[in-house]
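First up is the structure itself, then whatever we jot down about it.
The values are calculated or read from the model by the stated rules, or taken from the named source; none is laboratory data. Nothing here was measured: the structure is a model prediction, and the numbers come from that model. Cβ placement follows ideal geometry from the backbone for every residue including glycine, while neighbour counts extend to all protein chains displayed. Only protein heavy atoms, including side chains, enter the accessible area calculation; ligands, DNA and RNA are left aside. Shrake-Rupley method; radii C 1.70, N 1.55, O 1.52, S 1.80 Å.
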Amino acid sequence: MLALVVDDSRAMRLILRRIMQGRGYDVVEAGNGQEGLDILAGGARPDVALVDWNMPVMDGLSFISACRAEKDYRNITLMMVTTESEQAQIVRALAAGAHEYVLKPFTPEAIVEKLELLGLSGQGV
Amino acid sequence: MTPSSDDITEIAREVWSAMLGLETEVAATETLDSGSLFTGTVTITGAADSVVSIQTTDVGARAYAAAMFGSTADEVADDEVVDAIGELTNMVGGNIKSLLPEPSRLSLPAVAQGQKQHLYVPGAEVLNQVALSSEGEHVLITVWSRPIPENATQESDQS
């Protein structure tokens, strides 16, 4: 299984990488939404993308909207992982196509719990 | 809505605990005397006009970065320290934003490093400040706020 982690913080990408690898995922990383789209355009088809909202170049909401507009990407499960907690913004992200929403700070258990809800919990290694 | 000292302390405790695996304690200090400091800031604009800063010593910043990157303070690179302080500021600022008037928008973080820094926010007053200690190093979290004109256009679009 493959996960795409899209976050402008290297530390956050590393933390999410470790969580996902612990569930048996291979992981590819992008520093912003445009880099994420470039990875998808290169042929990668992750099972799940964990996406920050507030990033330079292209934010997470634009990335999610772009994914939902491209039929080849519609099987990718999209999980927003962000500090953005305004109810209106959460609704906006879900309306754009995010399947799940996780607030920072999070524990590894919170991410795994969301993956289980999505049927993507992996193998646990 | 004004973030209380307890609110800010609890937000920082959750961030340090969940993301760094470190404990925090309330400290009794208003300034950081160490020569070299790291300061992370984010701005909140819209229905609120605020700045949130996190300031800590060079030793503290390296300890927190090492915890985030899973390395040691000796091994952590300067750009990793900047990245970690930026992300800690983003998380603390983003959670403080949830206690301020909505809708509002959180900026990307900025991080400064240097000797004996003083951060000034023109036109703003300090809404609250808490001092914490983690791994034996102090962390100052400050929330500034400017008054919002009654006829101001409120922008909430995150894009």
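Condition first: open to solvent by 10 Å² or more (accessible area, probe 1.4 Å) and assigned to a loop (DSSP other than H, G, I, E, B). Can you find one or more residues in region B:54-65 that meet it?
For region B:54-65, residues open to solvent by 10 Å² or more (accessible area, probe 1.4 Å) and assigned to a loop (DSSP other than H, G, I, E, B): absent.
Tally up the residues in region A:37-66 that are touching a residue at least 60 places away in the same chain (Cβ under 8 Å) and either more than 30 Å from residue B:100 (Cα to Cα) or open to solvent by 50 Å² or more (accessible area, probe 1.4 Å) (or both), please.
Residues meeting the conditions: 2.
Can you name the number of the only condition in (1) open to solvent by less than 40 Å² (accessible area, probe 1.4 Å); (2) without any contact (Cβ under 8 Å) to a residue 24 or more places away in the chain that residue A:115 fails?
(2)
Does residue B:89 qualify as being open to solvent by 50 Å² or more (accessible area, probe 1.4 Å), β-branched (Val, Ile, Thr), within 23 Å of residue B:30 (Cα to Cα) and touching a residue at least 24 places away in the same chain (Cβ under 8 Å)?
In short, no.
Would you point out which residue out of A:88, A:69 is small (Gly, Ala, Ser), surrounded by fewer than 17 Cβ atoms within 10 Å (Cβ to Cβ) and farther than 25 Å from residue B:100 by Cα?
Checking each option against the conditions leaves just A:69.
One line per residue, one yes/no per condition, for (1) away from chain B (no Cβ under 13 Å); (2) closer than 23 Å to residue B:110 by Cβ; (3) within 14 Å of the chain's Cα centre (by Cα):
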site	(1), (2), (3)
A:17	no, no, yes
A:55	no, yes, yes
A:104	no, yes, yes
A:109	no, no, no
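Evaluate region A:8-23: report whether one residue or more is open to solvent by 20 Å² or more (accessible area, probe 1.4 Å), under 28 Å from residue B:67 (Cβ atoms), part of a strand (DSSP E or B) and not charged (D, E, K, R).
no
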